[in-house]
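A.B. asks: This structure is in structure tokens; I'll ask about it shortly.
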Amino acid sequence: MNWEMVAWVAIAGSLLVIIASFFFSAKADAVSAGGTPLADGESASTMHTLLEIAWPLLFIVSLGMLTFKEVMGFAAVLLTATTITGAIWLVDHLLLRKRRQSGTREPVLVEMAKSFFPVILIVFLLRSFLYEPFKIPSGSMVPTLLVGDFILVNKFTYGVRLPVINKKIADVNLPQRGDVMVFRYPEDMNKDFIKRVVGIPGDTIAYKNKRLWVNGQAVTTTATGTYTDTESGAVRFFETYTEQLGDRAHAMMVDPQYPSLDLARVKQFPNRSNCTYNDEGMTCKVPAGNYLMMGDSRDNSEDGRYWGFVPEENIVGKAVLVWMNFSHLGRVGTSIK
């Protein structure tokens, strides 16, 4: 089914009902002014019922399309929804309500705003300052995170930030090596990526011959077996390891059939001069205020090896929990390490 077409039809239908309601109201006023009985209550009630469907449908679908068409990020859409419903409620409370005759029914638009505003405001505040849900769309973090995992991201671990503009207003903690972090993709700020922090400011990180090195020391890895991936439709076999990054151990895997690095995919990026590349892999000096990110599925991840560093202002939060996976219910409640 073409859901975008369904959305456009819903918007068009809602607008037709809303426009028709103005003609209905004008006709009723004209009939009343001429001394003729008003339109019967059944017609008025039917129009009111249609408006109770049309206004919320127009509001919800329009905001959904802004997100789907990437006109706005979801945080900006929530802020817009909160502002619109709050403004309608406030104007009615301060001005319009006093002008309505006693016993007159509230306009449907006002009813909708009063119902939606507190709910949207609570969701906006929780999502902006406490926890935000994400869905894992790709296999770059397998075996730690699977495709279809719904995760919670702690928004205050790395500091309190203003929503939408993502400006930090209070420090809390800094990202550490081994953290699984959500961030805004440097090449497209409307996209959120999730990877593991392998380098913090000042680190020299090398990835050569499938091994990670931090400041000249090889990261300890222990073989744990194999993993068969069928998510892409083809069967791929990976070797799995436990990697000890600082005081944190986590799972990672590599495909022995792939090179450590595909040099053809390496892009030009800010501070590119901090990195050197060759057939064995890469070495990068992480600049101040930046982080180097890599996926746990090293040969199935488009990460900092290819597009560079993540500036501190791009940080969204720390991934902490898998709260749902409809294909793997046993993963519900799994903490992210």
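The values are calculated or read from the model by the stated rules, or taken from the named source; none is laboratory data. Worth saying up front: this structure is predicted, and the values here are computed from it rather than measured. Quick reminder, even Gly has a Cβ in these numbers, built from the backbone with ideal geometry, and neighbours come from all protein chains shown.
A.B. asks: Name the one entry in Glu187, Glu132 that is touching a residue at least 12 places away in the same chain (Cβ under 8 Å), in contact with a Leu (Cβ under 9 Å, 6 or more places away or on another chain) and either surrounded by fewer than 16 Cβ atoms within 10 Å (Cβ to Cβ) or farther than 20 Å from Pro311 by Cα (or both).
C.D. replies: It is Glu132.
A.B. asks: Continuing with this model, one more query. Look through region 281-306, keep the residues that are hydrophobic (A, V, I, L, M, F, W, C) and in a loop (DSSP other than H, G, I, E, B), and return whichever of them is surrounded by the most Cβ atoms within 10 Å (Cβ to Cβ).
C.D. replies: Across region 281-306, the extreme among qualifying residues is Val286.
A.B. asks: Which of the residues belonging to region 103-140 are part of a loop (DSSP other than H, G, I, E, B) and closer than 22 Å to Glu52 by Cβ?
C.D. replies: Of everything in region 103-140, those that are part of a loop (DSSP other than H, G, I, E, B) and closer than 22 Å to Glu52 by Cβ turn out to be Gly103, Thr104, Arg105, Glu106, Pro107.
A.B. asks: Applying the selection to region 2-37, what residues are modelled with pLDDT under 90, surrounded by 12 or more Cβ atoms within 10 Å (Cβ to Cβ) and of a type in the set (Ser, Thr, Tyr)?
C.D. replies: Passing the criteria: Ser21, Ser25, Ser32.
A.B. asks: OK, next. What number of residues within region 38-58 satisfy the criterion of being modelled with pLDDT under 90, closer than 20 Å to Met112 by Cα and among the acidic types (Asp, Glu)?
C.D. replies: Looking only at that region, the number is 0.
A.B. asks: Filter region 52-108 for residues that are surrounded by 18 or more Cβ atoms within 10 Å (Cβ to Cβ) and more than 31 Å from the chain's Cα centre (by Cα) and give the result.
C.D. replies: Asp92, Val108 - these are the residues of region 52-108 that are surrounded by 18 or more Cβ atoms within 10 Å (Cβ to Cβ) and more than 31 Å from the chain's Cα centre (by Cα).
A.B. asks: Across region 157-182, what is the total count of residues that are over 30 Å from Trp213 (Cβ atoms) and surrounded by 15 or more Cβ atoms within 10 Å (Cβ to Cβ)?
C.D. replies: 4
A.B. asks: To continue, here is another question. Restricting to region 104-152, count the residues that are more than 30 Å from Ser45 (Cα to Cα) and not small (Gly, Ala, Ser).
C.D. replies: 27
A.B. asks: Which ones in region 141-169 are modelled with pLDDT of 95 or more, outside any loop (DSSP other than H, G, I, E, B) and in contact with a Lys or Arg (Cβ under 8 Å, 6 or more places away or on another chain)?
C.D. replies: Passing the criteria: Phe150, Ile151, Val153, Asn154.
A.B. asks: So, one more: Of everything in region 169-197, what is of a type in the set (D, E, K, R) and farther than 18 Å from Leu321 by Cβ? Give them in sequence order.
C.D. replies: Result: Asp171, Arg177, Arg184, Glu187, Asp188, Lys191.
A.B. asks: Which is part of a loop (DSSP other than H, G, I, E, B), within 31 Å of the chain's Cα centre (by Cα), under 30 Å from Ser128 (Cα atoms) and among the β-branched types (Val, Ile, Thr), of Val172, Val182, Val198?
C.D. replies: Being part of a loop (DSSP other than H, G, I, E, B), within 31 Å of the chain's Cα centre (by Cα), under 30 Å from Ser128 (Cα atoms) and among the β-branched types (Val, Ile, Thr) holds for just one of Val172, Val182, Val198, which is Val172.
A.B. asks: Could you figure out which of (1) part of a strand (DSSP E or B); (2) within 23 Å of Met282 (Cβ to Cβ); (3) under 29 Å from the mean Cα position of the chain (by Cα) isn't true of Thr221?
C.D. replies: Failed condition: (3).
A.B. asks: Something else now. Looking only at region 254-273, count every residue that is in contact (Cβ under 8 Å) with a residue 24 or more places away in the chain, outside any loop (DSSP other than H, G, I, E, B) and surrounded by 12 or more Cβ atoms within 10 Å (Cβ to Cβ) and tell me the total.
C.D. replies: Number of matching residues: 2.
A.B. asks: Still on this model: What about Val235, is it touching a Leu at 6+ places or on another chain (Cβ under 9 Å) and at negative phi?
C.D. replies: In short, no.
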